[in-house]
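Please read the structure below before turning to the comments.
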Amino acid sequence: MQPDEILDYLIPGIMLGALYAVIAIGYTLVYGVLQLINFAHSEVFMVGAYSALLALTWIDPSTNPTALVSVLLVAAGLAVSGTAGAATAFALEKVAYRPLRRRNAPRLAFLISAIGASYFLQNLAGKLFGRDSRALPTLFENKKVFSVFGTQVTILQLLIVCAAVLMMVGLDYLVNRTKLGSGIRAVAQDAETAGLMGVDIDKVISRTFIIGGFMGGIAGFLFGLHLQLSFTMGFLPGITAFAAAVVGGVGNIRGAMMGGMLLGIVESFSSPIFGESWRYVSAFAVLVLVLMFRPTGILGERLGRSA
Amino acid sequence: MTTTTTDFAPTAATLAKLRRKRWYQHPMYGRLVGTVAAAVLLDVMSGPQGSREDVFFSLDKSLGSMRVVWWILGAVALWAVMEFGKPLYQRFLGPKVGPLDRFTTPVTEPVKAVTAQARAKTADLRRIVWVRLGFSAVVIGLLILLPNLLSTFWNQVLVNEVAIYVLLAIGLNVVIGWAGLLDLGFIAFFAIGAYSTAYWTGAMPVDPPFKLNAFLVIPVAVATCLLAGLLLGAPTLRLRGDYLAIVTLGFHEIIYLIAKNADGFTNGPRGVQGISNFGIHIGPIDYDWELDPVPYWYLLIGIATILIIAFLRLEHSRVGRAWTAIREDEVAASATGVPTVKFKLMAFAIGASTSGIAGVAYASKARFISPESFLLLFSVLVVAYVIFGGMGSLWGVIIGTAFLAWLPQYMKDWVDPNDRFMYLGALLIIMMIYRPQGLIPSVRRKRELSMAKAGLGDADAMSEPAGGRMT
């Protein structure tokens, strides 16, 4: 890799990192309130992408949409995928996790139920929409917007990074400034005490899933604009994003953002350095290294003190 | 003495107002929504396979036709029967001794007494060693006779699916069932075992320093897997238990990608061919395990029997008791002097080496391995089998695994094999909600789970590490 090629890999890396960060937040939020790896979050991501595919195929955009139509289509995709992701996460919590919480089940049971939900959703999608990969209809021409030191930045990259940053800023505000946010932080710190102080734990957990699902769904749609859709598309981004959450310090929202960015950039750079086929190993290599030397993640676990 | 108490309690009218709910807030309508949603989901699940041309094809066929109406009507009917039938039943038939008890009691009571007696007797018998040995001998004898009763196809299934998965499940049971750790990369060790067979028998592109017989590969593979298990477990087992799940998952992906991409060493996605089979060539004995599956079946029964005996001894030894202690309450175990990390590592490594043995058996039976034989799916599958059978109960795990490995082969004419993971996922959720102890639960595990339900102990080693949560 030449020094002048650095930006060629850095910019896609930032884009990928923004996506991972958004997914990682979903993991970290749920981990905060339930201390549970929500394995099915990667399927929420997949559902977001497929719902956008269904909606946009139904709208059936013409091959060359005008600028206004493009904006409307992207907005529709964002709205549909966010809603579908939120609905899936809500249903998931209701069906796969809440009954276990009622029964005070051990954490192993939660994990297995999560894996079950993940496989169920994944293969249901495989059955309904076919097991081949598909692409979203073309929503806009992926033009170059501007260039940074000779490296072109495309509309797609700009869109993904802007959407991710907006969502992260919104989430930061939500968690730190609103009533629901303090509820989430209270449950993450000590669910029992929070319950005694009058926090409706069930409602907080359910809404946490909805927020995470909303962001995961949108990430799925944005990912679908970038790559192909398939019923297993959630798996690799899902575990990479979880690794990102752990790298940043699980339960720590800003840590998840940072970890996502880091892993996205590392992954992007590992393909020219180690070869394309090894790029997915990089996330785990970073994960194992971080766990060895700093088991609580880079920013440290700060369950509940998400600021 | 009378005191005047100020009545701070709200009046009955305000309370009633607070308690009043809209008619649709009654929980029974929630159940209606749930039933209908389940029916729609079942409709979609049983619909046709989606096509690659039209995204809407499957949804159109299952939701856009009369089928869904019948499903919903059925769900509403079921709901109505459950909601309105039950009170009616209780009102008119319930308080009496039950409608049929008058007729059934004379029959059931003696039967119950007899079964209770028989159960007590067998419990006594089970304590006598030679009865147990005799019973085991009969079971093994039946298993030896089994292949004669089946066609060649089923013999292949017996060896390739049932026996290999049972071997894997026996190993994973140590990790999940006894030590309470979730290992999602179990097949990675299976792959290590299989690829070491390929390497040491000289089938890989890289030649080994000397070739080994497949039997001699077993100890080598066990050592390799032990080492891999220790290397992976040592940094992660110190952390909270659920990190182990994600790290093993990552480890599996790394092993899979190495198998797929390290072209010069593993021959990449093309796989390795011509792995030598098991054979004994000592003095006058000259025997090779060839294409016929039946000899493999005997061999695998032998290996499984040895492992089962060893693990049963282990379960009731000091080590097994340490695992139980860690599972039930890791902090308490560590406080009473159990070196938790050491024993967790031990369980993890023992599981890994069992998986390695299964890998050797698989590679030399199939004589061909490719990265596609070691998908993450299979790791999850083994976990599901162990859970289904009843984690911690060796017999439950064996029977559950044998059943679930056999079922898809049996059902493959009626159900699309691709869909089995969908049903498996649903099965896992339902199991975890209604029967987390599994098909044939281990007595201790069952008690732990019911104690955890009441808020005592952990029932797994997934909670905080000894020393409390890290903040």
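Every number in this text was worked out from the coordinates using simple rules, so none of it is lab data. The structure displayed is predicted, hence computed values, not measured ones. Quick reminder, even Gly has a Cβ in these numbers, built from the backbone with ideal geometry, and neighbours come from all protein chains shown.
Here are the numbers for this structure:
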quantity	calculated
Hydrodynamic radius (Kirkwood) for chain A, which is based on Cα pairs only, to one decimal in Å	19.6 Å
Region A:31-234, relative contact order [Cα under 8 Å, separation at least 6], %	45 percent
Charge dipole (debye, nearest 20) of chain A; +1 at Cβ of Lys and Arg, -1 at Cβ of Asp and Glu	900 debye
Likely footprinting exposure, B:W130, B:W154, fewest C-beta neighbours within 10 Å first	B:W130, B:W154
Among B:T115, A:G297, B:H281 the positive-end extreme of the charge dipole of the protein assembly as shown (Cβ point charges)	B:T115
For region A:64-159: span of alpha carbons on each principal axis (Å, largest first)	57, 33, 24
Listed residues A:Q152, A:Q189, A:Q122, most fluctuating in chain A (Gaussian network, C-alpha, under 10 Å)	A:Q152
D_trans [Stokes-Einstein, Kirkwood Rh over alpha-carbon pairs] for region A:1-68, 20 °C, 1.002 mPa s, µm² s⁻¹	140 µm²/s
Taking A:F242, B:F57 and counting other C-beta atoms within 10 Å, the order from fewest to most	B:F57, A:F242
All Cα pairs of region A:169-307, percent lying beyond 25 Å	36 percent
Taking the C-alpha atoms of the protein assembly as shown, convex hull volume expressed per residue in Å³	248 Å³
Acute angle (nearest 10 degrees) that the helix B:186-200 long axis makes with the longest principal axis of chain B, alpha-carbon atoms	10 degrees
For residues of B:382-389, the mean tally of beta carbons on other chains within 10 Å	2
Test item: B:398-407 mean partner chain Cβ contacts at 10 Å	0
Where labels lie 7 Å past Cα in the beta-carbon direction, separation of A:L166 and B:V33 in nm	3.0 nm
Alpha-carbon centroids, region A:254-276 and region A:114-138: separation in whole Å	26 Å
Likely footprinting exposure, B:E109, A:E267, fewest C-beta neighbours within 10 Å first	B:E109, A:E267
Chain B - Rg and Dmax from Cα coordinates, angstrom	27.8, 106
Unit Cα scatterers, Debye sum, region A:246-300: log10 I(q)/I(0) for q = 0.15, 0.22, 0.26 Å⁻¹	-0.40, -0.76, -0.93
Estimated FRET transfer efficiency (B:L88, B:V206; beta-carbon r; R0 60 Å; 0.05)	0.20
Residue-averaged 222 nm ellipticity for chain A, from DSSP H runs of 4+ at -39500 (n - 2.57), nearest 500	-24000 deg cm²/dmol
Two-site FRET efficiency, A:I6 against A:A285, from Cβ-Cβ distance with R₀ of 25 Å, rounded to 0.05	0.75
Amide H contacts under 5 Å for B:F278, placed H, 5+ residues apart	B:W289
Sites A:R98 and A:T138 - FRET efficiency at Förster radius 41 Å, r taken between beta-carbons, to 0.05	0.50
Contour minus Cα-Cα distance for B:I301 and B:Q117 (0.36 nm per residue)	62.8 nm
Unsatisfied cross-links (Cα-Cα over 27 Å) in the set A:K203/B:K453; A:K94/B:K86; A:K127/B:K412; B:K21/B:K86; A:K94/B:K17; B:K112/B:K446	A:K94/B:K17
Assigned charges on the beta-carbon of Lys, Arg, Asp, Glu; the protein assembly as shown dipole about Cα centre (debye)	2880 debye
Distance from region A:155-197 to region B:24-41 (C-alpha centre basis), Å	31 Å
Listed peptides A:94-100, B:415-421 by packing density, highest first (mean Cβ within 10 Å)	A:94-100, B:415-421
Label point distance in nm, A:I273-B:H316, each placed 7 Å from Cα along Cα→Cβ	5.5 nm
Number of partner chain Cβ atoms within 10 Å, mean per residue of A:122-135	6
Rough spin-label spacing in nm, given labels placed 7 Å along Cα→Cβ, for B:A332 and B:R19	4.0 nm
Check: chain B dipole with +1 on Lys, Arg Cβ and -1 on Asp, Glu Cβ, in debye	1980 debye
Distant alpha-carbon pairs in region B:34-145 (separation over 16 angstrom), percent	78 percent
